[in-house]
Amino acid sequence: MKKIIEVKNLTKEYKKVKAVNDLTFEVLEGEILGLLGPNGSGKSTTINCFLSLLNFQKGKIKIFGSDMSPDAYKIKKNIGVVFQDIAVFEELNVYDNIDYFCGLYIKDKQTRKEYIEDAIKLVGLEDFKKFYPKQLSGGLLRRLNIACGIAHKPKLIFLDEPTVAVDPQSRNNILDGIKKLREDGATIIYTTHYMEEVEILCDRVIILDKGNILARGTTDELKKLANIEEKVTIEISDLPKKYLEKIKEFKNVEDITYNNELLVITYKKGKNNLVELLDYLKEEHIKYNKIFSERPTLNDVFLELTGKELRDV
Ligand SMILES: Nc1ncnc2c1ncn2[C@@H]1O[C@H](COP(=O)(O)OP(=O)(O)OP(=O)(O)O)[C@@H](O)[C@H]1O
Ligand SMILES: [Mg+2]
């Protein structure tokens, strides 16, 4: 498959911080690559280096097979960027904002008109064309920010945390829109600290922490690193310690906790873990309410690799 981005040994240091440390990876044509990492892990810095918006100390970046540089207009016109901080003009309405950004690359008026309508449809702003940014909710403003970045139908799109602090409806709308962009052939780099989004959206994921790549692969490949295969959560209002000790001895159990009336058991592997547990609870006449059984999440992977939760950092 064609390589759209090749980055080798990228290192970016600010005065005191090594924001990105020796990153090497590739982005393939047509994929959504997720850069997943907590605050300050280097996601935005990586993107800004790709775009030649930042100088960096070390590394080589090729986009569409050519060296990237600040004046590489031919490369840049095929790139769309949606920055983490919203960047639209307060004095222009929705339609005119998109028109402005699209017009930087698409000079033909008729084509531009069609492209703007496509972008408005993609993010679901049909009813807000004449609205000014101040009149839009946070979620709608994010959608406008996205429309401005992608209206010129770029082949490569960078989306830097496009769903931060948006309502669920806008989030779904944005995620659907991004899938549609991929269906239409775009290659996408998507940064987020929401692991659920990565699972829904991304073909491959790179997990970053403190500027380093911790792991990479498909979500299924990454989950194998978690060292657990199943997580069972059961609501039990009262579970004396002696039973906990017993359950700890069951086969395949990796770890067990009991807090706030929730018993959480992680299993290394195996089948019938839940059946064995329920049989035991029945035998001992222990009453329980809701039961959940889950596969490991990317948070478990992060926890395994760093000893800390992705959510809490
Ligand atoms: N202009 C700057 N000057 C100094 N340090 C910076 C600057 N920008 C970023 N950093 C530092 O570089 C590191 C990486 O920051 P970056 O913004 O790339 O992370 P991020 O993963 O995008 O985080 P977030 O999820 O908060 O957007 C952090 O430690 C940050 O404090
Ligand atoms: Mg960032």
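Only the coordinates and a few stated rules stand behind these numbers; no lab work does. Note that the structure is a prediction, hence the values are computed from the model and not measured. Don't worry about glycine lacking a Cβ; one is built from the backbone with ideal geometry, like all the others, and counts go over all protein chains shown.
Name the most mobile residue of Arg143, Arg295, Arg182, meaning the one with the largest mean-square fluctuation, in a Gaussian network model of the chain with Cα contacts below 10 Å.
Result: Arg295 has the largest fluctuation of those listed.
Packing-wise, with mean Cβ within 10 Å as the measure, how do 220-226, 76-82 rank, highest first?
76-82, 220-226
Can you pull the three principal axis extents for the Cα set of the chain, in Å, largest first?
In descending order, the Cα extents are 76, 46, 38 Å.
Using the charge dipole of the range 229-295 (Lys, Arg: +1 at Cβ; Asp, Glu: -1 at Cβ; taken about the Cα centre), state which of Tyr280, Phe292, Gly270 has its Cα farthest towards the positive end.
Gly270
Using a simple charge model, +1 on the beta-carbon of Lys and Arg, -1 on the beta-carbon of Asp and Glu, nothing else, what dipole does the range 127-236 show about its Cα centre, in debye to the nearest 20?
Charge dipole of the range 127-236: 680 debye, to the nearest 20.
Find which of Pro38, Pro133, His152 sits farthest along the positive direction of the dipole of the range 1-154, computed with +1 on the beta-carbon of Lys and Arg, -1 on that of Asp and Glu, about the Cα centre.
Selected residue: Pro38.
Quick check on the range 3-224: of the DSSP beta bridges with both residues there, what percent are antiparallel, nearest 5%?
If I count the DSSP bridges inside the range 3-224, around 50 percent turn out antiparallel.
Please give the peptides 148-158, 164-174 ranked by average Cβ packing (other Cβ atoms within 10 Å per residue), highest first, as a rough proxy for protection.
148-158, 164-174
With a cap of 16 neighbouring Cβ atoms within 10 Å, and only residues DSSP puts in a loop, list the GluC sites (Glu not before Pro) found in the range 51-115.
Values: sites: Glu90, Glu91, Glu114; in loops: Glu90, Glu91.
Here the sparse-neighbourhood loop sites are Glu90, Glu91.
Considering amide H positions built from the backbone, and no H for Pro or chain starts, which residues 5 or more places from Glu229, or on another chain, come under 5 Å of its amide H?
Tyr267, Lys268, Lys269
Which trypsin sites (Lys or Arg not before Pro) from the range 1-74 combine a DSSP loop assignment with at most 14 other Cβ atoms within 10 Å? Intermediate results must be reported in sequence, preceding the final value.
Working: sites: Lys2, Lys3, Lys8, Lys12, Lys15, Lys16, Lys18, Lys43, Lys58, Lys60, Lys62, Lys74; in loops: Lys2, Lys15, Lys16.
Hits after loop and neighbour filter: Lys2, Lys15, Lys16.
Take Glu13, Glu183 and order them by how many other Cβ atoms sit within 10 Å, fewest up front.
The most exposed by this proxy come first: Glu183, Glu13.
In debye to the nearest 20, how big a dipole does the range 229-295 give about its Cα centre with +1 on each Lys and Arg Cβ and -1 on each Asp and Glu Cβ?
The dipole magnitude comes to about 120 debye.
How large is the helix-only mean residue ellipticity at 222 nm for the chain, computed as the sum of -39500 (n - 2.57) over DSSP H runs with n ≥ 4, divided by its residue count, in deg cm²/dmol to the nearest 500?
The per-residue figure over the chain is -10000 deg cm²/dmol.
Set Lys and Arg Cβ to +1 and Asp and Glu Cβ to -1, take the dipole of the chain about its Cα centre, and tell me which of Ile188, Pro240, Leu51 lies farthest positive.
With unit charges placed on the Cβ atoms, the residue in question is Leu51.
Assign unit charges at the C-beta atoms only (+1 for Lys and Arg, -1 for Asp and Glu), then state the dipole size of the chain relative to its Cα centre in Debye, rounded to the nearest 20.
About 1020 debye.
Taking a ≥ b ≥ c as the square roots of the eigenvalues of the Cα gyration tensor of the range 229-295, is the shape rounded (a/c under 1.5), prolate (a/b larger than b/c) or oblate?
Since a/c stays below 1.5, the shape of the range 229-295 is classed as rounded.
Rounded to whole Å, give me the distance from the Cα center of the range 41-82 to that of the range 233-298.
Answer, in whole Å: 49.
Can you give me the Kirkwood hydrodynamic radius for the range 178-313, using every pair of distinct Cα atoms, in Å to one decimal?
For the range 178-313, inverting the mean 1/r across all distinct Cα pairs yields 17.0 Å.
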